[in-house]
Structures are given as structure tokens and as C-alpha cells.
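Novice: This is the structure I want to talk about, given as C-alpha cells.
The values are calculated or read from the model by the stated rules, or taken from the named source; none is laboratory data. Being a predicted model, the structure only gives us computed values, none of them experimental. When we count neighbours, we look across all protein chains shown, and the Cβ atoms used for this are built from the backbone with ideal geometry, even at glycine. Please note that ligands, DNA and RNA were not included when accessible areas were found on the heavy atoms of the full protein model with its side chains. Shrake-Rupley method; radii C 1.70, N 1.55, O 1.52, S 1.80 Å.
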Amino acid sequence: MTVRKTKIVAIEGIDGSGKTVQWELLQRRLIESGQTVETMSFPNYEGFFGSRCGDLLRGDVLRADQVDSRSLCLWYALDRWDRFKRFRDGASDFLLINRFALSNAVYQSIRPIDAGMPDNWDWVRQLEHGELGLPEPDLYVLMDVDPGRAQENVDQKDEREYVKGRDVYEAAHGLLARARARYLDIASRDTNIAVIRCMDEGTGQLRDREAIAGDVWRALADRGWVE
């Protein structure tokens with residue numbers, strides 16, 4: 001078995017869970033500790049496959065919530081495959097990814113059109129890591145946020161490169177709650193996923209982002225990657 005030189009950490013969570021903030025904070029702290037870091041964020045809306053994902057999320061012609069699960073999974077998987085053609089193991093100590101295969105499995109399994117369908121995590125892993133040869137993350141870090149608070153964060157977002165306002169997933173009633181439940185269900189069965197509790201159990205409020213970042217750092221320290 002080939003031992004990978006670059007540690008791959010993927011930040012996950014429902015829309016509005018603070019993934020990008022924690023992805024950036026982790027990058028900064030790793031660099032300050034003397035590590036070299038490469039980053040990726042998906043979808044890549046500037047690429048061919050990622051731009052098609054943006055079209056589907058806007059609902060320009062077809063809507064992402066009306067396409068069958070496995071066909072939609074292919075678009076997101078190919079976006080990552082295209083980006084990873086330029087990845088070189090060992091070029092950096094860490095590769096930090098904002099969304100990866102786990103989000104594909106979650107979001108393409110909790111739409112109304114997917115009702116009654118089984119969890120597709122095993123199928124997505126076979127597609128992305130088996131067939132397309134994408135490296136499996138050494139660790140997924142799952143930001144666990146109350147769906148109501150996450151929706152508030154979504155509605156406060158500025159205009160993004162692929163959509164103004166909510167995309168078709170963000171606008172779907174109850175989708176964030178179903179996504180959170182699916183994330184936690186998969187995490188309960190997969191030891192490669194570290195769940196970071198972002199809500200204060202006493203007050204029900206979102207914890208300070210630096211406190212959350214501390215828990216993310218400890219998830220890496222527990223694996224002996226940082227001190």
C-alpha cells in the first residue's frame with residue numbers, strides 16, 4: 001500500500017454552518033505552526049463541470065432538486081476529478097478541502113425526489129474514490145449547527161458567484177434539517193468523521209468561532225498531526 005505524504009482534511013456541514021470560516025482559520029493556524037498548506041473548494045464554479053452544477057443550483061434549465069440522484073452525483077464527482085488532475089501528493093503537508101464526497105452523498109439523498117431511497121454513501125465512495133481514483137480524506141471534519149441558525153446564516157450571505165439569494169437547495173423547505181440528520185447518521189457509522197458541536201448546549205446559541213476552531217485543531221491533534 002502506498003503511504004500518502006499529504007494529509008487531506010475535508011471540512012463539511014450543512015449550508016450556513018460556517019465551513020468556509022473554519023476552513024480559512026485552520027489554514028491560517030497550520031501555516032503559523034510551520035506547515036505547508038494547499039486548499040481546494042467545491043464546487044469549482046469556474047470549471048466546466050462545476051459551472052454545470054451552478055446552472056442546476058440556479059435552476060436555469062433543469063433544477064438540481066429534480067434530477068435523479070446518481071446522475072447529479074456524477075456532475076459533482078467529475079468537478080472534483082477535474083481539479084485533482086493537478087494534485088501532487090507531497091507538494092504540501094496538508095490539503096484542506098471545503099466540501100468533498102461526503103456532501104455529495106448527503107445532498108443527493110435528502111431531496112423530496114429522493115424520498116424512500118436508501119443512504120447512498122457507499123455508492124458515492126465507490127464512484128469518487130474507486131472509479132474516479134480521487135484520494136479519500138484522512139479526516140472529515142463535520143461542523144454541526146442547528147438548521148434554524150444555519151438558515152439565518154444562508155440568508156445573510158452576499159451575492160455569490162453562481163447565484164443571488166438562495167439556491168434551489170437552500171430554498172427547499174426542511175432540507176437543512178434532513179441534511180443535518182443524514183450527516184450525523186453517516187458520522188455515527190464512520191470513524192473517519194469528527195463531529196464538531198458548534199452550538200452551546202446551555203444557551204442554544206452559536207459558539208464563538210475561535211472556540212470552534214480550537215475543537216477542529218484538537219481533532220487533528222488527536223491523530224498526532226499537530227501539537
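Novice: Pairs of alpha-carbon atoms within less than 8 angstrom and 6+ residues apart define the contacts here; what relative contact order does the chain have, in percent? Don't skip to the end; give the middle numbers.
Specialist: Values: 333 pairs, mean separation 65.5, N = 227.
Relative contact order here is 29 percent.
Novice: How high is the FRET efficiency between Asn192 and Leu132 when r is their beta carbon distance and R₀ equals 25 Å, given to the nearest 0.05? Intermediate results must be reported in sequence, preceding the final value.
Specialist: Numbers: r = 18 Å, r/R0 = 0.74.
Efficiency for this residue pair is about 0.85.
Novice: What are the chymotrypsin sites (Phe, Trp or Tyr not before Pro) within the stretch 1-60 that DSSP puts in a loop, where the Cβ has at most 15 other Cβ atoms within 10 Å? If you can, show how the numbers build up before the last one.
Specialist: Values: sites: Trp23, Tyr45, Phe48, Phe49; in loops: Tyr45.
Answer in residue order: no site qualifies.
Novice: Based on DSSP H runs of at least 4 residues, each adding -39500 (n - 2.57), what is the mean residue ellipticity at 222 nm of the chain after dividing by all its residues, to the nearest 500 deg cm²/dmol?
Specialist: Values: 8 runs with 88 residues, N = 227.
Helix contribution divided over all residues of the chain: -11500 deg cm²/dmol.
Novice: Note down the nm distance, to one decimal, between modelled labels 7 Å out along Cα→Cβ at Phe87 and at Asp119.
Specialist: 2.3
Novice: Evaluate E = 1/(1 + (r/R0)^6) for Ala181 and Ser33, where r is the Cβ-Cβ distance and R0 equals 41 Å; express this FRET efficiency to the nearest 0.05. All intermediate terms of the calculation are to be shown ahead of the outcome.
Specialist: Details: r = 35 Å, r/R0 = 0.85.
That pair, Ala181 with Ser33, gives E of 0.70.
Novice: Something else: With a cut-off of at most 12 other beta carbons within 10 Å, and DSSP calling the residue loop, which GluC sites (Glu not before Pro) in the stretch 3-66 qualify? Please list them.
Specialist: Listed in order of number, the matching sites are Glu46.
Novice: Would you please give the FRET efficiency between Ser51 and Thr203, computed as 1/(1 + (r/R0)^6) with r the Cβ-Cβ distance and R0 = 41 Å, to the nearest 0.05?
Specialist: 0.50
Novice: With a 1.4 Å probe and all protein chains left in place, how much of the accessible area of the chain comes from carbon and sulfur atoms, in whole percent?
Specialist: The nonpolar share, carbon plus sulfur, comes to 47 percent.
Novice: In the stretch 1-92, which trypsin sites (Lys or Arg not before Pro) are in a loop and have at most 14 other Cβ atoms within 10 Å, using DSSP for the loop call?
Specialist: Arg4, Lys5, Lys85, Arg86, Arg88
Novice: So, one more: Please calculate how many Å² of accessible area the stretch 101-145 carries per residue, with a 1.4 Å probe and no DNA, RNA or ligand atoms counted.
Specialist: Dividing the accessible area of the stretch 101-145 by its residue count gives 35 Å².
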